[in-house]
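The structure appears right after this line, and notes come after that.
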Amino acid sequence: MSEITTEQVAHLANLARIALTTEEIEKLTGELGVIIDSIATVSEVATPDVPATSHPIPMSNVFREDVVGATLTTEQAIAGAPEHDGSRFRVSAILGEEQ
Amino acid sequence: MAKPELMDFDKAIELFEPVLGFEVHVELSTKTKMFSDAPNPANDDGHGAEPNTLITPVDLGLPGSLPVVNGQAVRYSISLGLALGCSIAPSSRFARKNYFYPDLAKNYQISQYDEPIAFEGSVEVELEDGRLVQVPIERAHMEEDAGKLTHVGGATGRIQGAEYSLVDYNRAGVPLVEIVTKPIFGAEADAPQLAKAYVSTIRDIVRALGISDARMERGNLRCDANVSLRPRGQEKLGTRTETKNVNSLRSVERAVRYEIQRQAAILAAGGTIIQETRHWHEDTGRTSPGRPKSDADDYRYFPEPDLLPVEPSLDLIEELRAALPESPALMRRRLKTDWGFSDVDFQAIVNAGLLVEVSETVAAGAAPQAARKWWMGELSRTANERGVDASTLATPQQVAELVALVDAGTLTDRLARQVLEGVIAGEGSPEEIVEARGLAVVSDDGALIAAIDEALAAQPDVLAKIRDGKVQAAGAVIGAVMKAMRGSADAARVRELILERAQQ
């Protein structure tokens, strides 16, 4: 049985900025548990000598030349912004610091 | 609060052992960004661009856009890793660092987590008295820079009390290498100067490699300084703080010193250090608390599914290793011999963090003594007055040009200082300033002779003395002529002409 707890779900919801009710947290804890259990069956065949897969296609070193291409205009860039000052996106002041 | 905010530095070191750690972010000066082909604002071409003009859908994280790795940024990162004495990972991957903050529109930063491109290195740093310290490097990893927020409203322009923020994504996606040290023990009372020397060395390395403009005032090189204290005899490390926003060599040194004194005062009074991010304020010389380390630091890293692993071939690594410039330590030894300076003069340049500036000025054609004179004299003086690094005031090319103008006799020392003022004020190149301000030496003997004759006529007693062979009396006339010419004359030539005219 999975070890997903309601505390973990509440924590994740907070990190993802999703407001959940107690009922929703209870429900999701159960559902996530089932999902985690299903995925856990993979570990039955994935022994430590099997390398982790982060990409389904075995490729590496796909690089781009360092050559400047087309850019958006400022108008295009802010076209979808709910609020802007003509050249910059306007967002609510968020208490917290840049990462 | 009755408790003193700071403990005397020497007392603090007596009671506690400081342990340091640094995270230095280096913006690479590639032509384009890390994952998009937008122009890079971290080089001279892109610097100062209008907001939101250097962006593509990738930099805005628009749906359907996909990142592609800049091969040049990878090569630069490998070169930097090698210069830091690191091993280069045969396979390294990018990872998503998830957080919600509008400085990146994707809600994650592409970084590297458990598989950095370079790891386990060491950098030799020279202290002011010439002692060498090995700073252990944990890792150097590739990532992208974030956009720039301007907080509007509120009294100080800071986030506290701001009504809203404006976001410019030009900087989002700029290639970064983050260099992380292991804990540094044993610096003791030298901790502040070691901090400065370390950042200065990193700056010298990336400039020698030619992979970053490394201008701290532009944020090309940024340092987060971790400081913790532990009581003498205690094994366990103390709680550390991470001071951000230290954007000059001078402030790195001051910020570390301040944190040692601040933490010592709290610990000695029986208090505890809160693990938190702190912000350095250049104006007040203090740090203030930022956000505490908390739930928000749970970044849920996972491998970036949009990007493939980076697996540099041994051939590439060896090719880049062979192309490495000499290390700062070797460069110091070579330059000292080449320039023929005394130990004291040479060390003063190193300690001022101006070795690269002086060496680039010499490379641009100036004599070593002249290069040293301007950087350590006028420029350092002005930098101290303004509380900035001298390297922010002028470029080596500008200083070399100034020296050339003096050598050519176009400028006297005094005029050169005025030209330098113009350079510092951003009025252009020395030649442009000479032109614009009309500062060139008057090499027209006619104008000088007229001024000399007038001065001699005004001081008949001096004239008589000179005619009697008392040539030192000419000094009084030289002064008068230089004044009349407003300094734009070559004193030696004036003296020659005075002696000539006096005999006529």
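Read the figures in this text as sums done on the coordinates, not as results from a lab. These numbers come from a predicted model, not from an experiment. In this analysis, Cβ positions are derived from the backbone assuming ideal geometry, glycine residues included, and neighbour counts consider all displayed protein chains.
Data table
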| read-out | value |
| --- | --- |
| Residue among A:78, A:57, A:35 with the largest mean-square fluctuation in a Gaussian network model of chain A, springs linking Cα atoms under 10 Å | A:78 |
| Span from the segment B:45-113 Cα centroid across to the segment A:65-85 one, whole angstrom | 18 Å |
| FRET E, pair residue A:54, residue B:486, Förster distance 56 Å, beta-carbon r, rounded to 0.05 | 0.20 |
| Sum of -39500 (n - 2.57) over DSSP H runs of 4+, divided by residues of chain A (222 nm, nearest 500) | -11000 deg cm²/dmol |
| When each of B:31/B:97; B:11/B:373; B:373/B:483; B:31/B:148 is checked by Cα-Cα distance, pairs over 28 Å | B:11/B:373 |
| Relative contact order %, chain B, counting alpha carbon pairs below 8 Å whose residues are six or more apart | 15 percent |
| Value of Rg/Rh across the protein assembly as shown [Cα atoms, Kirkwood radius] | 1.07 |
| Convex hull projection area averaged over all views, chain A, Cα basis, nm² | 12.5 nm² |
| For segment B:445-502, average projected area of the Cα convex hull in nm² | 3.2 nm² |
| Rounded if a/c under 1.5, otherwise prolate or oblate - segment B:35-92, Cα gyration tensor axes | oblate |
| Among B:126-137, B:49-60, the order from most to least packed when residues are scored by Cβ within 10 Å on average | B:49-60, B:126-137 |
| Gap separating the Cα centres of segment B:339-400 and segment B:408-437, nearest whole Å | 17 Å |
| When segment B:1-150 is reduced to its Cα atoms, the Kirkwood hydrodynamic radius in Å | 18.4 Å |
| Number of partner chain Cβ atoms within 10 Å, mean per residue of B:39-47 | 1 |
| Proxy reagent accessibility, fewest Cβ within 10 Å first, across B:223, B:86 | B:86, B:223 |
| Segment B:162-193-segment B:254-272 distance, computed between alpha-carbon centres (Å) | 21 Å |
| Radius of gyration, Dmax [segment B:76-152; alpha carbons; angstrom] | 16.4, 48 |
| Tensor-based shape of segment A:6-45 (alpha-carbon gyration tensor, a/c under 1.5 rounded, otherwise prolate or oblate) | prolate |
| Whole-Å semi-axes of segment B:404-504's equivalent ellipsoid (Cα gyration tensor) | 31, 11, 11 |
| Shielding by other protein chains, B:94-106, mean Cβ within 10 Å | 3 |
| Volume in Å³ per residue [convex hull over Cα atoms, computed for chain B] | 203 Å³ |
| Acute angle (nearest 10 degrees) that the helix B:474-484 long axis makes with the longest principal axis of chain B, alpha-carbon atoms | 60 degrees |
| Per-residue average of Cβ from other chains inside 10 Å of A:51-64 | 6 |
| Helix axis angle, B:328-339 relative to chain B longest principal axis, alpha carbon, degrees | 10 degrees |
| Principal axis dimensions, segment B:326-437 - Cα atoms, whole angstrom, descending | 42, 32, 22 |
| Angle between chain B longest axis and helix B:396-407 axis [Cα atoms, degrees, rounded to 10] | 10 degrees |
